[in-house]
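Structure record follows, encoded as structure tokens.
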Amino acid sequence: MAGGIVFGTLLAMGRLANLGPFSRVATAYVNLMRSIPLVMVILWFFLVIPLITGRPVGAERSALITFTAFEAAYYSEIMRAGIQSVSRGQVMAGQALGMTYWQSMGLVILPQAFRNMLPILLTQTIILFQDTSLVYAIGAKDLLKAAEIAGKNHNRPMEMYVFAAVIYFILCFTLSTMVKSLQRKIAIVR
Amino acid sequence: MIEIRNVSKWYGKFQVLTDCSSKVEKGEVVVVCGPSGSGKSTLIKCVNGLEPFLEGEILVNGTQVGDPKTDLPKLRSSVGMVFQHFELFPHMTVIENLTVGQVKVLGRTKEEARRKGADLLDRVGLKEFAGKHPGQLSGGQQQRVAIGRALAMDPICMLFDEPTSALDPEMIGEVLSVMQDLAREGMTMMVVTHEMGFARNVAHRVIFMDNGRIVEDTTKQEFFGTPRSERAQLFLSRILRH
């Protein structure tokens, strides 16, 4: 997730900055990723990369990379909206103080963009977390898979599935509560 | 200090600035006025390179603003700018607004920047607001903080882009009085404003713009005495009637 946010922010900046070919590649990448279902990306990455490199990647590592790459596309769109939500005047104010592009990004734009985007980032993160169950498709071990194995071992599949659901709920609920309090703490005083 | 030579600028096909030339000497206060859409704000933003221009040249303290080789961030750090809508950083406290540029751009230590910031806050009469956020301040207070933020960089000159246009009438005075003090101390200032009282009190020269052209560029005495262009006469009569 952290990787997705960092990569996604860079992608968003790439799309917004006038960097010619890089902006176009970033845009194409985001559009491609957002037009393909996640399950397909997971499967495709898992099956095709070994064909190209000649070496199997391993289900867990493959899943991790796919998620970072996929989520980056979504985070990038969120960040793009966030960056654009910060007014042009703020950019100018940073520049007028003598800040470089990176300084005004890091000190002025992104901190505000991030605050504006927090609720949507949270939603996307919860979706991402729940989507991890899709790695089921390539047999990587996630919470659901682990629950299934445990259920089979103890011959209690139903209970283990319920248990997995409860854990998903607790984690997502805690996360959303935490973000809400974070949001209160760093809110921009208007 | 500031030299503008034959500057022209287009937005697409629309020409916003036509052949503008003027000069601001060290220690001089120059007021730029004119009807809305006449290009005043655009011109002042060209001076520190916030707006690019296509033709002509602008020199600030001998440095070419339009030259791609110029280190614009460095140039801007020595030119203070105050905006119509204040543009304080809302996610920082007042004192952080005054120190961020000093620390990150000028490389001063935090203590040094804080001391300087506190002094400047005191000077604009807002010492007790250091820990507040800009959103908790009134418009006039925010604009005074913004002036302090610009001054914290020890600028060689100050640009004001309609500093009182977004303020309630009762707050205009407090901002203007800070600006007047600054002018009396000998700060070089270029001020886009409709405040003719301010121009009368402290300006040395007045530039009148219309349709992207500088139509008058004279001393204050001449401007308020006998404006030469018809357009300036009309503008003045409209403004001074109130």
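The values are calculated or read from the model by the stated rules, or taken from the named source; none is laboratory data. Computed from a predicted structure; not experimentally measured. Heads up, the Cβs are rebuilt from the backbone with ideal geometry, glycines too, and the neighbour counts pull from every protein chain shown. Accessible surface is based on the protein model in full, side chains and every heavy atom, while ligands, DNA and RNA are left aside. Shrake-Rupley method; radii C 1.70, N 1.55, O 1.52, S 1.80 Å.
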When residues of region B:129-152 are limited to those that are open to solvent by 10 Å² or more (accessible area, probe 1.4 Å) and assigned to a loop (DSSP other than H, G, I, E, B), the one nearest to A:Gly94 (Cα to Cα): B:His133
Quick one: is A:Gly98 among the small types (Gly, Ala, Ser) and at positive phi? yes
Of the residues in region A:97-141 that are buried (at least 17 other Cβ atoms within 10 Å of the Cβ), assigned to a helix (DSSP H, G or I) and free of Cβ contacts under 8 Å to residues at least 24 places away in the same chain, the one that is farthest from the other protein chains (Cβ to nearest Cβ) is A:Ser104
Give the residue, chosen from B:Gly131, B:Gly135, B:Gly125, B:Gly139, that is on the phi > 0 side of the Ramachandran plot and either touching a residue at least 24 places away in the same chain (Cβ under 8 Å) or within 11 Å of chain A (Cβ to nearest Cβ) (or both). B:Gly125
Return the residue satisfying two criteria in turn: it lies in region A:142-169 and is open to solvent by 50 Å² or more (accessible area, probe 1.4 Å) and within 17 Å of A:Ile127 (Cβ to Cβ), and of such residues it is farthest from the chain's Cα centre (by Cα). A:Ala165
How many residues does region B:60-89 hold that are in a loop (DSSP other than H, G, I, E, B), closer than 25 Å to B:Val100 by Cα and open to solvent by 40 Å² or more (accessible area, probe 1.4 Å)? 4
What do you reckon, is A:Ser176 surrounded by 14 or more Cβ atoms within 10 Å (Cβ to Cβ) and polar (S, T, N, Q)? yes
If you check every pair at least six apart or on different chains, which have Cβ atoms under 7 Å apart with a residue in region B:1-14 that is closer than 17 Å to B:Val215 by Cα first and a residue that is of a type in the set (S, T, N, Q) second? B:Ile4/B:Ser21; B:Ile4/B:Ser22; B:Arg5/B:Ser21; B:Asn6/B:Ser21; B:Ser8/B:Gln15; B:Ser8/B:Thr18; B:Lys9/B:Thr42
Kindly provide the set of residues from region B:206-219 that are in a loop (DSSP other than H, G, I, E, B) and buried (at least 18 other Cβ atoms within 10 Å of the Cβ), ordered by number. B:Gly212
Would you pick out the residues in region B:57-71 that are at negative phi and either within 8 Å of chain A (Cβ to nearest Cβ) or not hydrophobic (A, V, I, L, M, F, W, C) (or both)? B:Glu57, B:Thr63, B:Gln64, B:Gly66, B:Asp67, B:Pro68, B:Lys69, B:Thr70, B:Asp71
In the list A:Arg80, A:Arg55, which residue meets the criterion of being assigned to a helix (DSSP H, G or I), open to solvent by 30 Å² or more (accessible area, probe 1.4 Å), away from every other protein chain (no Cβ under 14 Å) and charged (D, E, K, R)? A:Arg80
If you take the residues of region B:90-116 that are open to solvent by 30 Å² or more (accessible area, probe 1.4 Å) and assigned to a loop (DSSP other than H, G, I, E, B), which of them is farthest from the other protein chains (Cβ to nearest Cβ)? B:Thr109
Counted residues in region B:220-238 being at pLDDT 80 or above, touching a helix residue (DSSP H, G or I) at 6+ places or on another chain (Cβ under 9 Å) and open to solvent by 80 Å² or more (accessible area, probe 1.4 Å) come to 0
Just the residues that are open to solvent by less than 50 Å² (accessible area, probe 1.4 Å) and touching a residue at least 60 places away in the same chain (Cβ under 8 Å), please, taken from region B:196-205. B:Met196, B:Phe198, B:Ala199, B:Val202, B:Ala203, B:Arg205
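Could we say that B:Phe208 is closer than 26 Å to B:Ser21 by Cα and touching an Asp or Glu at 6+ places or on another chain (Cβ under 6 Å) here?
yes
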